[in-house]
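Peer 1: Below is the structure I would like to discuss, written out as structure tokens.
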Amino acid sequence: MVGVPGERPDPTAGDGATAARRKDLAVYGTFLLVAFWVTSQIWVDPAGRVASLYSSDPAQVQFFMAHSVRVVLHGEFPFYTDQFNYPDGVNLMANTAVLALGIPMVPITLLFGPAVSFVVLVTVALAGTASAWYHVFSRHLVRRRLAAAVGGWFCGFSPAMLSHASWHPNIISQWLLPFIVWRVMVLTRSTRPVRDGALLALLVTVQAFINEEILLFTALACGVFLIAMVAQRPALWSAAWRPLAKGLPVCTLVAGSLLAYPLYIQFAGPMAYHGLSDAVRDYGNDIAAFFAPGSPTFGGHERANVNLAPNYSEENAFFGWSLSLIAVGIVVWLRREVLVRALAITGFFFAVLSLGERVSWWDRELFTGPWELLVRLPLLDAVVPTRFGLITSVVIGMLLALAVQRAWTLRGTEWRHAKTVTVAALVLALLPIVPMPLKVTSRPPVPDFITSGRWREYVGADQTLVPVPVPSMGNTHGMRWAASTNLDFKIPGGYFLAPRNGNTGDPGRFGGRPSGIGELLNEVATTGRAPKLNDRQRRRSLDELRHWNAAVLVLPVGQHHVEPLRNTVEQLVGPGRKELDVWVWDVRPLSARTPAA
């Protein structure tokens, strides 16, 4: 690795440049095929299929992809929007609006829709991350391309990456991270620290518009790794401190200048919040999660993994017994290498932090974890601790690459035995966690009333279309409707992070300020029971419709519990009428705002 004493691999040693490029292309092509295999069930029908168990995050990402279209075509403000949660709006910098992904995807979103953009993004993210790690490993960590391919494969298709693939393309889009790590290591021995600091700043800036949490993890991991290296060999500091002292301030100045305004909007702009919702702040891994295969893998089993992770979208460990033991065995085997010891320290450190505030074993709480001491620190108060396991995954990928490299560089009888043992160990370790196609379920189509543009007869520029039930964390179909039109109409509610009660600067929560009509309709959608409403509930509902400047309420005829929902809405605003495949209530006469005197 760059910045670590020792030899620097020659990317074309033993091969011609053409042969080396062919090997690289073969590896990249293999990674792309694996990514298509993982997402194959979604590719069958991108608009009609979604990952099973949870459908909210894909709908949110599709909404953000449509927002990028408006940024490019209409020059809309990129960091805040009132196209959902109207009229309060949503702070997009505080909601990972993936502008660095959404803007390049605008042509695909325009041509094929945000649902296709979503599956393209997931596929490219998996293959691109594996390819990026392979590229850096093969140039700066190991000589053997096989070793680099094994390490890159694990970094791109680890159980943690597969877990997030169904829901969080912003988290699995890690193709810049290998280059950020590489540039940090370059900086430790740079002869041109100003230039290298500026280059690092550009990478940091782009990554900030993909996912800031992953960027923070990368910075923390680099810091812990360098400390572990220097602690073992203090002489390294004498060579590294001067370029770091010049390059890091340049990086901070350049990146800080580029990100100053977006970060101001994030932390002090409209609908900014401070700290994560209590619902996710204490998410941690169970210790047993490190020894079970991930649910989306060959050896994984969803029921067996219940309660070992906060939910199935946050399985950030799940290496399986064999890989966990083999990773320890690699550290013992290569313990004389300073690099291996530093990696082991880094991986173990973040594995411990990933346990969260309360350390548990098979869902039985054991004791308070060290994260309890850090959770309230600035920036760390916005971190989901279970995701520290992503760092441990990358460390294991590096250890696998180093182990294969060592086995393939031995000679004679020792080489043959080492090669056999290594291949057997890799099969034993990796077979249980071979990626499987992501499980999917069907979701209702966007109504013809929306896709045909019939809604335009009702909704003006400053009015809202109110889906029934009102969009929320558990009901995001209305967000997909809006995304399918590239956000040509506004909606109330939605799935997002915002300050409690809509007060800028308050702690975060999922969703906007509480809504009486929203909670009522969501309860009916869940239970299928239509309550008998009183005059007070009707008046409150009309007040909220006026607050939203609602033009029309829309209920798909195929909605689950459609009749109880229709009955409830009719108690609130009167009879509706059926148009195409929805029930429609024109509430413009009821919700029109009274002009100021």
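Peer 1: Any lysines with Cα under 23 Å of the K419 Cα? List them, leaving off those in the same chain fewer than 8 positions away.
Peer 2: K23
Peer 1: Next up: Mean Kyte-Doolittle hydropathy of 0.5 or higher plus an axial Cα length of 24 Å or more: which whole DSSP H helices in the chain meet both?
Peer 2: Within the chain the helices that satisfy the rule are 17-43, 114-140, 212-232, 235-268, 389-409, 412-430.
Peer 1: What net charge is computed for the residues neighbouring A59, neighbours being all others with C-beta under 15 Å from the C-beta of A59, Lys and Arg scored +1, Asp and Glu -1?
Peer 2: +2
Peer 1: Cα gyration tensor of the chain, axes a ≥ b ≥ c as square roots of the eigenvalues: rounded (a/c below 1.5), prolate (a/b > b/c) or oblate? The partial results should precede the final answer.
Peer 2: Values: a/c = 2.10, a/b = 1.89, b/c = 1.11.
It is prolate, given that a/c is not under 1.5 and a/b is the larger ratio.
Peer 1: Describe numerically, in nm with one decimal, the distance between label points set 7 Å from Cα along Cα→Cβ at R303 and at N501.
Peer 2: A separation of 4.6 nm, rounded to one decimal place.
Peer 1: Take W362 and V206, extend 7 Å from each Cα along the Cα→Cβ direction, and tell me the distance between the two endpoints in nm.
Peer 2: Calculated label separation equals 4.7 nm.
Peer 1: What fraction of the DSSP beta bridges in region 464-597 is antiparallel, stated in percent and rounded to the nearest 5?
Peer 2: Bridges in region 464-597 that DSSP calls antiparallel: roughly 70 percent.
Peer 1: With the full set of protein chains in place, find how many percent of the accessible area of the chain is carbon and sulfur; take the probe as 1.4 Å.
Peer 2: On the way: 15350 of 25060 Å².
That share works out to 61 percent.
Peer 1: For region 230-281 and region 89-167, what is the separation of their C-alpha centers, rounded to whole Å?
Peer 2: Their Cα centres are 23 Å away from one another.
Peer 1: For region 139-273, what class follows from the C-alpha gyration tensor (a ≥ b ≥ c being the square roots of its eigenvalues): rounded when a/c is under 1.5, otherwise prolate if a/b is larger than b/c, else oblate?
Peer 2: It comes out oblate by the Cα gyration axes.
Peer 1: Kindly sort L430, L555 by accessible area of their heavy atoms, largest first, with the probe set to 1.4 Å. Intermediate results must be reported in sequence, preceding the final value.
Peer 2: Values: L430 25, L555 0 Å².
Greatest to least solvent exposure: L430, L555.
Peer 1: Please work out how much accessible surface H135 shows to a 1.4 Å probe, ignoring ligands, DNA and RNA, in Å² rounded to 10.
Peer 2: Surface open to solvent at H135 totals about 60 Å².
Peer 1: How would you classify region 366-444 from its alpha-carbon gyration tensor, with a ≥ b ≥ c the square roots of the eigenvalues: rounded for a/c under 1.5, else prolate if a/b is greater than b/c, otherwise oblate?
Peer 2: On the way: a/c = 3.36, a/b = 1.62, b/c = 2.08.
Taking the square roots of the gyration eigenvalues as a ≥ b ≥ c, region 366-444 is oblate.
Peer 1: Here is a follow-up. For region 304-394, which GluC sites (Glu not before Pro) pass both filters: DSSP loop (anything but H, G, I, E, B) and at most 16 other C-beta atoms within 10 Å?
Peer 2: Within region 304-394, the qualifying GluC sites (Glu not before Pro) (loop, at most 16 other Cβ atoms within 10 Å) are E337.
Peer 1: Could you state the accessible area per residue of the chain in Å², with a 1.4 Å probe and every protein chain left in place?
Peer 2: About 42 Å² of surface per residue is accessible.
Peer 1: Within the chain, what is the longest stretch that has no trypsin sites (Lys or Arg not before Pro) placed in a DSSP loop and near at most 11 other beta-carbon atoms within 10 Å?
Peer 2: By the stated rule (loop sites, at most 11 other Cβ atoms within 10 Å), 1-334.
The values are calculated or read from the model by the stated rules, or taken from the named source; none is laboratory data. Just so it is clear, the structure is predicted and the values come from calculations on it, not from any experiment. With ideal geometry, Cβ positions are generated from the backbone for all residues, glycine too; neighbour counts draw on all protein chains shown. Accessible surface is based on the protein model in full, side chains and every heavy atom, while ligands, DNA and RNA are left aside. Shrake-Rupley method; radii C 1.70, N 1.55, O 1.52, S 1.80 Å.
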